[in-house]
1. Pick from Lys125, Lys114, Lys100: which is touching an Asp or Glu at 6+ places or on another chain (Cβ under 9 Å) and free of Cβ contacts under 8 Å to residues at least 12 places away in the same chain?
2. From (1) of a type in the set (Val, Ile, Thr); (2) open to solvent by less than 20 Å² (accessible area, probe 1.4 Å); (3) in a loop (DSSP other than H, G, I, E, B), pick out the condition that doesn't hold for Val67.
3. Kindly indicate whether any position in region 113-129 is surrounded by fewer than 18 Cβ atoms within 10 Å (Cβ to Cβ), among the aromatic types (Phe, Trp, Tyr) and not in a loop (DSSP other than H, G, I, E, B).
4. Do we have any residue at all in region 96-108 that's among the aliphatic types (A, V, I, L, M), assigned to a helix (DSSP H, G or I) and open to solvent by less than 10 Å² (accessible area, probe 1.4 Å)?
5. Helices (runs of 4 or more DSSP H) wholly in region 170-235 with at least 3 residues that are surrounded by 11 or more Cβ atoms within 10 Å (Cβ to Cβ), under 21 Å from the mean Cα position of the chain (by Cα) and modelled with pLDDT of 80 or more - which ones?
6. In the set Asn94, Asn23, Asn89, which member is under 29 Å from Lys176 (Cβ atoms) and without any contact (Cβ under 8 Å) to a residue 40 or more places away in the chain?
7. Report, by residue number, each residue of region 1-52 that is aromatic (Phe, Trp, Tyr), open to solvent by 30 Å² or more (accessible area, probe 1.4 Å) and modelled with pLDDT of 90 or more.
8. Please find, within region 26-66, the residue that is nearest to Ser90 (Cα to Cα) out of those that are in contact with a Phe, Trp or Tyr (Cβ under 8 Å, 6 or more places away or on another chain) and of a type in the set (Val, Ile, Thr).
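The values are calculated or read from the model by the stated rules, or taken from the named source; none is laboratory data. This structure is a prediction, so every number in the text was calculated from the model and none was measured. We place every Cβ from the backbone using ideal geometry, glycine too, and count neighbours over all the protein chains shown. Surface accessibility is based on the protein's heavy atoms, side chains included, excluding ligands, DNA and RNA. Shrake-Rupley method; radii C 1.70, N 1.55, O 1.52, S 1.80 Å.
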Amino acid sequence: MINFFEYNNTKITFDEVDNAEKNKLFREFINKYHSYVKYKDVPQRRINWLIWNGMDLIGCIGFSSCVLAVGDRDRWIGWTKEQRCKLSNSMANNYRFCLKSDNGIKNLGSRVLKIARNKLAIRWKDKYGDDLLLLETYVLKNENRRGAVYLADNWTYVGNTTGVSISKAPLLLWQKEKSERGELARTNPKEAIKKYAVGNQHYAVKKSEPKMIFVKPIVKDWKKRILNDKTGNIL
């Protein structure tokens with residue numbers, strides 16, 4: 001699926017990664033230009049785009065399932081554990097985003113973020129059947145990196161990760177899926193964990209450098225639709 005927009009008299013094209021050849025381009029671009037996190041395949045929801053200026057690949061942006069539990073983010077949203085578990089499919093993680101530093105187009109980063117989130121809401125609903133309410137991203141802070149492109153696009157800084165994460169295989173989410181993984185999660189959860197969980201474990205503890213957390217609501221009544229929900233279903 002290919003779409004384009006005009007910006008600063010330049011035609012910028014969004015090309016969805018939907019085959020092996022495009023995935024190879026996406027992986028190679030991330031590994032070459034993303035400054036600190038390289039490409040990794042994980043079994044979760046994912047929508048990626050290649051960003052072109054004519055025949056020149058100038059960027060990549062990708063969204064995946066959100067992180068299931070993050071203290072500062074969850075306190076900022078204000079949802080309960082039950083709401084978070086049931087409504088996490090209404091949030092996506094901008095897990096990769098990078099542009100060539102010499103792309104020659106002023107303020108392209110914030111413009112791409114705006115276009116991408118509008119496209120994502122439609123594509124996420126079409127592909128996965130869920131209404132997106134929020135986006136999140138995580139940025140490693142250093143002397144050259146402060147999340148400026150997200151702040152320019154009016155994302156909200158909500159705190160930091162602790163640097164220690166406990167990943168739990170999201171069986172409840174898998175069981176809702178109309179897929180091979182969903183069927184296996186419903187009929188044989190232990191085998192689903194062995195086949196699909198990262199590291200083939202129910203729980204995995206990882207340590208990393210703390211990161212800044214940014215959140216972007218994409219609908220005005222997101223809080224009402226989450227916090228007023230008593231059943232775990234988007235209103």
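1. Within the list Lys125, Lys114, Lys100, the selection yields Lys125.
2. (2)
3. Yes, region 113-129 contains a residue that is surrounded by fewer than 18 Cβ atoms within 10 Å (Cβ to Cβ), among the aromatic types (Phe, Trp, Tyr) and not in a loop (DSSP other than H, G, I, E, B).
4. Scanning region 96-108, I find at least one residue that is among the aliphatic types (A, V, I, L, M), assigned to a helix (DSSP H, G or I) and open to solvent by less than 10 Å² (accessible area, probe 1.4 Å), so the answer is yes.
5. Those helices (runs of 4 or more DSSP H) span 222-227.
6. Asn23
7. Hit for region 1-52 is Trp52, nothing else.
8. Of everything passing the filter in region 26-66, Ile47 is nearest to Ser90 (Cα to Cα).
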